[in-house]
Amino acid sequence: MQAYAPLIKLLKKAVEEQQHALNSSLPKEMYEPMSYIIGLGGKRVRPLLTLIGCDLFGADPQEAIFSALAVELFHNFSLMHDDVLDKAPLRRGSTTVHEKWSENIALLSGDGLLVKSYQALNKSNPVKVPELLKLFSKTAVEVCEGQQMDMNFETWDKVSIENYIEMITNKTAVLLGCSLGMGAICANASAMQQEHVYEFGKHVGIAFQILDDVLDVYADDQKFGKQVGGDIIANKKTFLLLGAYELANESETKELDHLFYSQEILHSEKIKQVTAIYNQTHVKELAINEANKHTDIALKHLGELEADISKKNNLKTFALDLLKREA
């Protein structure tokens, strides 16, 4: 991260100014939750990638600051709504907006963040705005499509790993690709270079989400920032669950069915028993192998970039560090 210290400083200033503006706006019942979720922080990986994408092709990162801000506002909008849909109690180790205020406020404040993201993007270089809006809007629709697919899976009896990869590509990965792609647009990179940097981000995003599924089960709950085992409690069809079904024998499959549909098992016991089946089927290893596959694809696209070798190496290091989260 040291290589990106100036970019982090630039981003921090812009986000803090945005947060202050939201916190000073009325009605406070709408704007305080918006300021609150932005203030919860996180690594701000996505907006940082926008600045990195611009810097990568030799342009002044300041050219991409409004695109980066748009990405950060949009991402927080999606988190606020996702938390309502998932009934999640925690976000980044703190109370979620709908728990702290109400579901209605979370939905309305989330809508506000979405609009604010487009307002931020429209402050970009006017020459670049049409191209930026095209990619940003396409990505916004894909994220919503991915969320709907995720909800559809709740009622589907059969979901394949291929279905799942398609869902997380839309719900999570395309925003990482978009983040880098908008930075490349701001830097006047060629269409081919924009495509390579987009694909790099997208495949890193796929790997990231698969590893996030692993963390949901195997992370240290003091470091994870969310409830460990939350996906199991919510009966989410994650890579681990779908992979376990593919690897399980008949007895393990029946036990998974029982655990998945039972309403009487304590949450702590359900997490313990499902995790035991994951261990028996070695599905964690399958998930890590799949994440590694997408990481390799990402690195191939990185190799095609016509950019300063040291900047490419910095991006490679940043991405690999991102994927080596504690579990």
Cut-off 9 Å between beta-carbons: net charge of the residues surrounding Cys54, Lys and Arg +1, Asp and Glu -1: -3
Segment 139-176: GluC sites (Glu not before Pro) falling in loop per DSSP and having at most 16 other Cβ within 10 Å: Glu154
Estimated inter-spin distance, Leu90 and His20, nm [label 7 Å along Cα→Cβ]: 3.2 nm
Radius 13 Å from Cβ of Val97, net charge of other residues (Lys, Arg +1; Asp, Glu -1): -4
Cα shape, segment 1-152, gyration tensor, a/c 1.5 rule: prolate
Prolate/oblate/rounded call for segment 101-209, Cα gyration tensor, a/c under 1.5 rounded: oblate
Cα-centre dipole for segment 2-323 with unit charges at Cβ (Lys and Arg positive, Asp and Glu negative), debye to 20: 1040 debye
Spin-label pair Gln273/Glu195, simplified geometry with 7 Å Cα→Cβ offset, distance in nm: 5.1 nm
Net charge of Cβ neighbours under 14 Å - reference Met192; Lys, Arg +1; Asp, Glu -1: -4
Linear extension gain, Asp220 paired with Gln148, 0.36 nm per residue minus alpha-carbon span: 23.0 nm
Relative contact order (%) - criterion: Cα under 8 Å, at least six apart; region: the chain: 19 percent
Violating pairs (Cα-Cα greater than 24 angstrom) within the set Lys134/Lys293; Lys9/Lys293; Lys116/Lys300; Lys138/Lys171: Lys134/Lys293; Lys9/Lys293; Lys116/Lys300
Option label - semi-axes √(5λ) of the Cα gyration tensor in Å computed here, alternatives (1) 34, 25, 16; (2) 28, 24, 22; (3) 38, 23, 19: (1)
Estimated 222 nm signal from helices in the chain, with DSSP H stretches of n ≥ 4 weighted -39500 (n - 2.57), rounded to 500: -24000 deg cm²/dmol
Peptides 196-209, 253-266, 103-116 ordered by average Cβ neighbours within 10 Å, highest first: 196-209, 103-116, 253-266
Extension reserve of the Ser102-Glu246 stretch, reckoned as 0.36 nm per residue once the Cα distance is removed: 47.9 nm
Segment 46-111: trypsin sites (Lys or Arg not before Pro) in DSSP coil with no more than 16 other Cβ atoms inside 10 Å: Lys87, Arg92
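Only the coordinates and a few stated rules stand behind these numbers; no lab work does. Remember, predicted model here, so these are calculated numbers, not experimental data. In this analysis, Cβ positions are derived from the backbone assuming ideal geometry, glycine residues included, and neighbour counts consider all displayed protein chains.
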